[in-house]
Ligand code: SF4
């Protein structure tokens, strides 16, 4: 069955998803002494406050290193949710974007969840406003509501299932096998990819990630000609013309795994370039090449780096620990409802761990 797309007219990269505000708040580069002093201060504050740093692969490499050095984690959003929930620390500091902080708070309401900057959001979240989404759900009561992690707590409160790119394929395949029809939101590219892989009946919201949406199929073809031995690794939030050229399609964790375990000497990587930091650490000696976006032209909105992820820096991390804010708050009624779809996903993943295969042949996606 063909994927049907619900055309959400407010999804507009130049309007509601404008990145201008975010770029203006990206911290300026630090000198070596400034950086070292802030790392020392952040380390001391994390320890003194029994706090743990939970960072995404797309944030600055310095924050990723700090998270690992202080007993925190660097991971995809599925593992961030699991790690935050299961860790004994009473303060979680989430270096990522707002929905990640909200997910942590939804799962651990008794914990204090700090973030360096609450304005760090996501075009998928911005492009899926809760009231509009509720109307969409109301119009299709016969469908299971499956939402991507990159949504607000209020949108999750309307969902039956939350998924991340690590487990979306398996969960939709499971629902499809039960004869369920699906209402999917918000990423149209990931929705299309999953629909094509599973054959499920999916009605999709018309959202997009401003970073992955920028990867270009034609430019990728030309780049592949220059690097004939390179494997192409693609996150499924990318357009079809890019996904079609992939050797591996998968979540950030799956793409890292593909580089670490792959035999090829070179890899073209189509996801946020923040991931290259961890890939270089785990697979030194392998050539990593960024997949092409539109380049530095007038139309380039992202250049393969998420401006909201880039808002996380050492200075605002230290500041949030010193001041105990900004903190993530989620209204209890919404939190309790949203918890159901996240817990369902975590339980599914735990139960199906052994079977969890990659999003493309042979590559683990978790
Ligand atoms: S990279 Fe894309 S999906 Fe991830 S937070 Fe940024 S805008 Fe959202």
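Approximating the spin labels as points 7 Å out from Cα along Cα→Cβ, the residue 281-to-residue 24 distance works out to 3.3 nm.
Using the Cβ-Cβ distance between residue 110 and residue 68 with R0 = 25 Å, the FRET efficiency computed as 1/(1 + (r/R0)^6) comes to roughly 0.45.
Each label was represented as a point 7 Å from its Cα along the Cα-to-Cβ direction; for residue 225 and residue 31 these points are 4.8 nm apart.
Here r is the Cβ-Cβ distance between residue 344 and residue 40 and R0 is 51 Å; the resulting FRET efficiency, rounded to 0.05, is 0.75.
Residues of the stretch 123-150 with amide nitrogen under 20 Å from the 7 Å Cα-to-Cβ point of residue 174? From the stretch 123-150, the list is 143-150.
Computed over the chain with a Gaussian network model linking Cα atoms closer than 10 Å, the most mobile of 53, 92, 218 is 218. Where in the stretch 310-332 does the label zone of residue 119 land, with the point 7 angstrom along Cα→C-beta and an amide N cut-off under 11 Å? So the set is 311.
Rounded, prolate or oblate: which one fits the stretch 212-304, using the alpha carbon gyration tensor with axes a ≥ b ≥ c (rounded when a/c is under 1.5, else prolate when a/b beats b/c, else oblate)? Display every interim value, and only then the final one.
On the way: a/c = 1.62, a/b = 1.45, b/c = 1.12.
Verdict is prolate for the stretch 212-304.
For the chain, what does the helix formula give at 222 nm: sum of -39500 (n - 2.57) over DSSP H segments with n ≥ 4, over the residue count, nearest 500 deg cm²/dmol?
Working: 17 runs with 157 residues, N = 366.
About -12000 deg cm²/dmol.
Largest GNM mean-square fluctuation among 94, 147, 62, using the chain with Cα springs under 10 Å: 62.
A short reminder: the numbers here are calculations on the coordinates, not readings from a lab. Just so it is clear, the structure is predicted and the values come from calculations on it, not from any experiment. Please note: Cβ atoms are built from the backbone with ideal geometry, for glycine as well, and neighbour counts cover all protein chains shown.
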